[in-house]
Structure formats: C-alpha cells, structure tokens
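Worksheet for the structure shown next.
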Amino acid sequence: MKRVVMPGNETVAHAAVAAGCRFYAGYPITPSSELAAEMSKLLPKVGGKFIQMEDEIASMAAAIGASVAGYKAMTATSGPGFSLKQEHIGLACMMEVPVVIVNVMRGGPSTGLPTHPAQGDVMQARWGTHGDHPIIALAPAFPTEIYMETIRAFNLAERFRNPVILLLDEILAHTYEVVDIPEPEEIELVERKLPPSGLNRLDFYTYQRKEGDPPLLPNFFQGYNFHFESLAHDEMGFPTTDPEKVAYISRLREAKIEKHREEIWKNDEYMLEDAEIVIFAYGSVARSAKEAINRLRSEGIKVGLFRPITLWPFPHQPLRKAVGERKVLVAEMNLGQMVYEVERALRRDVFTLFKADGTPISPVEFMDKIKGELI
Amino acid sequence: MSYMDYVRTFKLPHSWCPGCGIGTIMQAIVRAFDALGWRNEDIAFITGIGCSGRMSTYINTNSMHTTHGRPLAFATGVKLARPDKHVVVVSGDGDALAIGGNHFIHAARRNIDIKLIIINNSVYGMTGGQVSPTTPQMFRTQTTPYGNIEPNFDVVKLAIAAGATFVARESVTRPRNLEKVIEKSFLHKGFSVVEAISNCHINLGRRNKLKDQITMLRWINDRIIPMNVAKRKSPEEIKDKIILGVFHEDKEREEYTQLYEKLVERVRGSK
C-alpha cells in the first residue's frame, strides 16, 4: 500500500490507469478539468491514448469508439457537459458497450455554479438519456473509496457491457486528501468476455443470451465483422421494428443489471444499529452527516447513517431492511431528488434537508434540523 | 477476398428508394475495397443517421451505425485506438455539414487517417425532404415551401480550409470515376474527403420539377464539369457548374495517429 496526498480528480485518474483504462477522450469543464490533465500526463507513459476532442458529445463518442475497438475507455465532465453526453450514453446502453463516465457535479441548472458543489445530477444519471435503459451509477464519498470505486466502475462496465457513471462533486474533486493506494496485485480487475475465434459469423446471434447475462459481443477487428447498431436491433444486431424482437432485446438489456442488483449494490452504515433517527446521505454530504452523528451522540441523541455507494440501481430492499420503522432524514445538495426513491422504498414520508446554493450542508445544519424537527 | 465478401447480401433488399444514387456510391466503395484487396475484418465502416447511415448495415466489415452527425467522432476513437486498421466513414450532407459540422472540421484539422465519403444529395431525404446546408438557393423543400433563401456550403473549400489533406468531388453520374477517386482517397494517409454528388428525386426532385431519377441525373449531368475541362473555360462559363476532380492532395503533412505514436515514444523514452 502506498499513501499519497491528492485531490479527487487526480485520484480517479490514477485509479483508472490502475484499472486498465488506456483511452481517455474529454473536453475541458470545471470542476473536472484536472482529471483530464492528469490523464494526459499518465496515459502516454503507459502507451495509452489521450485526446481532447472538439466538444463533449465528441469525447463521449470517441470513448465509445475506442471501447468498441477493445480499450477500457473513460471520459469525464460536469453538469453542462453531462447534459451534452446524454445521447451517446444512451447509444452505449443500446449497443451494450462498456464505458466509464465521470460527472463531477456542480451547481445547476445551465451554467449554474461552475466552482461550487451540488448533487443535482443524480436523477439525470439515471434518466438523462431518452428511452428505457439500464444504468449503473456510483457515488463514493471518501478519498480511498474514490480510488476503489473508480476501479469498480471499470469492472462493472466490462462485466455488464454497460456505461457506468461515477458521480463526484466539486468538494470531492478538489479537496487534497490522503489516499491509500493498494498494490497492483491487491486489485481485482475484470476484463470483458469475448467470443472465441472461428465461429460462423452469420449464425452468430450475439445479442441472444440467457436472461440476466450480458451479451457476448466481439470487439472490432476480432474477425467477426460485427455490426453495432443504435437503432432497435434483433439478436444479430441488425435494425428491426418487429415488436417481439424489440421487446425481447430490451428485456435482456434491462435484465443483465436487474438480475445482478445484489452484486452491484454497495452501502455503508454508520452507527445504525441502535439509532433512533437514520440519516440517508451520499457523496460528500454523508461526511457532514457523520460528523453531525458524532456530535449528536455526545449529547445523547442516537442518530445513524445509511449511505448508498451504488445510487443506481437504487438499493430499495437494503434500505428498507436497514431502516425499518425508524425516523428518516434525507439530506441532499439539491432540492430533493433521491428522496423520491427513498420514499418509494419505504412507502412513507420522510424528513428532508435540502440545499442547492453552492455550499455544502454543514454538520451544524444537520444538528439544528434534527434537534428542531426530529426529536 | 472477392467483391461480394464486402456485402451483407443476407440484409438485402436495402431500404433505399428505387433509383437513388446511394447504391452507385455503395458499389463504388465496395469496388474500391476489392481493388485494394483490403481484408474486410481490417476495416471499420462507420455511419451517422439518414439514408447514408443505413449503408453500415449492408457493408460486411466491422460496422457501426451511430448518432446523427457524429460518425467522425466515433471513428476518431476507433482510429486512435487502432491506427493499424482502415477506418471509413460515410455521411450525408446534413449529417456531415450541419449537425456534424464541428466534427468534420476538427477531424480535418487533426488530419487523422479517416476516409470520409460525403453523399451530397442536397436534402434531408430520410426525414421527408427538408432544406440542408447544400440545398441550391430557391429550391423548394418541405421546410422551404417558398424557396430556399440560404446560401450553401462548398464542401471542397470547407474541407481544404479546415486542413483535410485529400479533397475530391465526383458524381454518381460518373460511377467509374467515382470508384477511382474513392480508391485514391483510400490510399491516402491522412484525412480524406470525397464529396459524391447524388440524386434525391423522391424528396428533393419532386418538389423542383425533377421528379424521376433520369430527369434528376440529367440535371446533375448538365451541371458537372471535370476539372481539366473547367480549366479551359472562362470564370463566367463555369459560374454555376459543379467542378469534379481531385482538388487537394498533401502528402507532406503528418497524420495524427503517427504524431501521437511519436509523442508516446518521446514520453516513454524520456523516463
């Protein structure tokens, strides 16, 4: 293990390279730019490819192109750029191409607050691109966790052949903190499964598979002359409007994530067992929550934390199980987004603490809220 | 490898209208592959959206049907990932010059070794015939019912100005010349652009007294003029003509992926 001090943006870059990422395409945007800068330094050294594209849309496209050509690929952006990338995130879902997208959240909407943190893109991460599609989104909150979750993002992308969105915010991206970097041999890496050579190409029903499995697709230049299609396609990957086939492939696409939710879910609990009040928070907000919990407990108020690290697919069942009938406070740096999922999971109203003014939710704000309304 | 190895015959019949010039262009591309003897598994064939976008379904190579205007951006990722392979992009006038205009000029600026063929039929055909950046002035389209008042792009000038190192224009009315110029562009190392003038009698012609393919092809044929013939004419005589030929060929400028490989060598050597 190595101990290094660096900001979240650089942590993601180093973790990506450790995860086997050898292609990065991006476009400058605050507060994610240092991530691209670090990749531009690191990738040539390991023989990887870095390109600054002409816009956000193009960088998403180039990353997908490189992935199709066999690379582990990544792009990073922030709110406005995340909006622009949405069409191609949908394309990667449709074609079932692995790719990692980092979104360092800043205040929105529109140009918003480029240098300030927010969590206003969590619903966009789920539903930003048009149409029904499976998605995985991860929201780490601590420096070493950022490193490990970046690696997990690549592993999940390759395992399920799906875009994986890594959500940071301006605080996590810019704060210099101590990161514990594991040795390469301690890191478990997942490589995408490829079909063997020598199969009859015309009989190769690539998108057909056991429900729940990711498809076994070849890379470009592997000898298959495979067709990647953005239109609704059949088992062979060719365009179709046949309702049965459209429904069949769409169901398989959803099932690969749905059936493996338990493998993808990851939650953290803090002082939850004896807590009378449960805070639901993710990302940097959860760190304020922890501090508030410590202070409240010293005053004899029993508060605990449920922190999802996997935001999508949303951990409905684990949350329900962990919380039970206890009082819940949902805190987010937005005007209320994940709260809808929490209420859906618990099937009841919860207390809320929302803030979308470009400043973090402080431990004192948690304490005031809890003392004022929850006890 | 034979001619038919480059075609997914099992996907035929195709979805294009009878008499469309796109078939001629597809055949010219396939013939160029065949003439060069490229192995189909070494080719990435990438298209955007529109009638031109459908070609990737029928060409039997590694293929990708992407989003509107962005095939060059996907192709840039593929080519940078695998500089040893051939990357071919087919795009339409709306795809390459309107929604994809930014990717077009930047791929040209980088001089990345992608072979772009722009099928210029002067209209958005698949969506029913709306005005495009190359629709002739005063032509009627679905969205210019009183005539198009906008000037149009000169693809050749745009490509040269942006930095493409091989720029040519041909017409579907001269299939052999088209095939030869595509073949030549395929041999070029760098970003190449071949503008293929094509006919959309269905969605452009019928609104402009050119409603069948013969009438429209004649109309194209009357306006084209080979470069060597044009050179002997006065500027007045060729004012409204479409000049055909190879306009620009720069073999000196270094190609992007080669420059990138040199950068990697430099960085790794300096450790």
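The values are calculated or read from the model by the stated rules, or taken from the named source; none is laboratory data. Bear in mind that the values here come from a model prediction, so they are computed numbers and not experimental data. Quick reminder, even Gly has a Cβ in these numbers, built from the backbone with ideal geometry, and neighbours come from all protein chains shown.
Identify, by number, the condition in (1) in contact (Cβ under 8 Å) with a residue 60 or more places away in the chain; (2) surrounded by fewer than 17 Cβ atoms within 10 Å (Cβ to Cβ) that A:Ala247 doesn't meet.
Going through (1) in contact (Cβ under 8 Å) with a residue 60 or more places away in the chain; (2) surrounded by fewer than 17 Cβ atoms within 10 Å (Cβ to Cβ) one by one, A:Ala247 breaks only (1).
Test of understanding: among B:Ser192, B:Ser122, which residue is at positive phi and surrounded by 24 or more Cβ atoms within 10 Å (Cβ to Cβ)?
Result: B:Ser122 is the single residue among B:Ser192, B:Ser122 that is at positive phi and surrounded by 24 or more Cβ atoms within 10 Å (Cβ to Cβ).
Search segment B:94-117 for residues being without any contact (Cβ under 8 Å) to a residue 60 or more places away in the chain and in contact with a strand residue (DSSP E or B) (Cβ under 6 Å, 6 or more places away or on another chain), and hand back the single one that is nearest to the other protein chains (Cβ to nearest Cβ).
Among those residues, the one meeting the criterion is B:Ala96.
Residue by residue, here is whether (1) under 20 Å from B:Lys184 (Cα atoms); (2) not hydroxyl-bearing (Ser, Thr, Tyr) holds:
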| residue | (1), (2) |
| --- | --- |
| B:Cys17 | no, yes |
| B:Cys20 | no, yes |
| B:Asp42 | yes, yes |
| B:Ile46 | yes, yes |
| B:Thr57 | no, no |
| B:Asn60 | no, yes |
| B:Ser63 | no, no |
| B:Thr67 | no, no |
| B:Val78 | no, yes |
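Filter segment A:285-322 for residues that are buried (at least 18 other Cβ atoms within 10 Å of the Cβ) and polar (S, T, N, Q); which is farthest from A:Tyr270 (Cα to Cα)?
A:Thr310
It is to be established whether one or more residues within segment B:175-193 are assigned to a helix (DSSP H, G or I), β-branched (Val, Ile, Thr) and more than 14 Å from chain A (Cβ to nearest Cβ).
Yes, because at least one residue in segment B:175-193 is assigned to a helix (DSSP H, G or I), β-branched (Val, Ile, Thr) and more than 14 Å from chain A (Cβ to nearest Cβ).
Determine if segment A:178-195 includes at least one residue that is surrounded by 22 or more Cβ atoms within 10 Å (Cβ to Cβ) and over 12 Å from the mean Cα position of the chain (by Cα).
yes
The conditions are (1) touching a Phe, Trp or Tyr at 6+ places or on another chain (Cβ under 9 Å); (2) outside any helix (DSSP H, G or I); (3) farther than 24 Å from A:Pro214 by Cα, and A:Arg22 fails exactly one of them. Which is it?
Of (1) touching a Phe, Trp or Tyr at 6+ places or on another chain (Cβ under 9 Å); (2) outside any helix (DSSP H, G or I); (3) farther than 24 Å from A:Pro214 by Cα, only one is false for A:Arg22: (3).
Can you tell me which condition B:Ala81 does not meet? The list is (1) in contact (Cβ under 8 Å) with a residue 12 or more places away in the chain; (2) at the interface with chain A (Cβ under 7 Å from one of its Cβ atoms); (3) in contact with a helix residue (DSSP H, G or I) (Cβ under 7 Å, 6 or more places away or on another chain), and all the others hold.
(1)
Can you name the residue in segment B:226-268 that is in a helix (DSSP H, G or I) and hydrophobic (A, V, I, L, M, F, W, C) and, of all such residues, is farthest from B:Pro175 (Cα to Cα)?
Result: B:Val267.
Quick one: which residue in A:Glu273, A:Glu262, A:Glu254, A:Glu258 is surrounded by fewer than 19 Cβ atoms within 10 Å (Cβ to Cβ), at negative phi and more than 27 Å from the chain's Cα centre (by Cα)?
One residue alone meets the criteria, A:Glu273.
Pairs please, first residue from segment B:147-166 and at negative phi, second anywhere and assigned to a helix (DSSP H, G or I) and hydroxyl-bearing (Ser, Thr, Tyr), Cβ atoms under 6 Å, 6+ apart in sequence or on different chains.
B:Phe166/B:Ser185
Return the residues of segment A:341-363 that are assigned to a helix (DSSP H, G or I) and without any contact (Cβ under 8 Å) to a residue 60 or more places away in the chain; say none if nothing qualifies.
Residues satisfying the conditions are A:Glu341, A:Glu343, A:Arg344, A:Ala345, A:Leu346.
Does any residue of segment A:4-15 turn out to be within 14 Å of chain B (Cβ to nearest Cβ) and not β-branched (Val, Ile, Thr)?
No: zero hits.
How many residues are of a type in the set (Gly, Ala, Ser), within 21 Å of A:Met123 (Cα to Cα) and in a helix (DSSP H, G or I) when one looks only at segment A:282-309?
2
Quick check on this structure: which one of B:Lys241, B:Lys209, B:Lys271, B:Lys231 is over 30 Å from B:Ala75 (Cβ atoms) and modelled with pLDDT under 95?
B:Lys271
Collect the residues in segment A:343-361 that are within 23 Å of A:Gly324 (Cα to Cα) and over 22 Å from the mean Cα position of the chain (by Cα), keeping them in residue-number order.
If the condition is that a residue be within 23 Å of A:Gly324 (Cα to Cα) and over 22 Å from the mean Cα position of the chain (by Cα), then A:Leu346, A:Arg347, A:Arg348, A:Asp349, A:Val350, A:Phe351, A:Thr352, A:Leu353 are the ones that fit.
Applying the selection to segment A:30-79, what residues are more than 7 Å from chain B (Cβ to nearest Cβ), part of a helix (DSSP H, G or I) and among the basic types (Lys, Arg)?
Within segment A:30-79, A:Lys41 is the sole residue that qualifies.
From (1) modelled with pLDDT of 95 or more; (2) part of a helix (DSSP H, G or I), pick out the condition that doesn't hold for A:Val164.
Every condition holds for A:Val164 apart from (2).
Yes or no: A:Ile101 under 23 Å from B:His65 (Cβ atoms), part of a strand (DSSP E or B) and either within 14 Å of another protein chain (Cβ to nearest Cβ) or in contact (Cβ under 8 Å) with a residue 12 or more places away in the chain (or both)?
Yes.
May I ask you to list the residues in segment A:223-263 that are among the β-branched types (Val, Ile, Thr) and either more than 30 Å from A:Pro315 (Cα to Cα) or within 14 Å of another protein chain (Cβ to nearest Cβ) (or both)?
Correct list: A:Thr240, A:Thr241.
When you go through (1) assigned to a strand (DSSP E or B); (2) out of contact with any Leu (no Cβ under 9 Å at 6 or more places or on another chain); (3) β-branched (Val, Ile, Thr) one by one for A:Val330, which number turns out not to apply?
Tallying (1) assigned to a strand (DSSP E or B); (2) out of contact with any Leu (no Cβ under 9 Å at 6 or more places or on another chain); (3) β-branched (Val, Ile, Thr), A:Val330 fails exactly one: (2).
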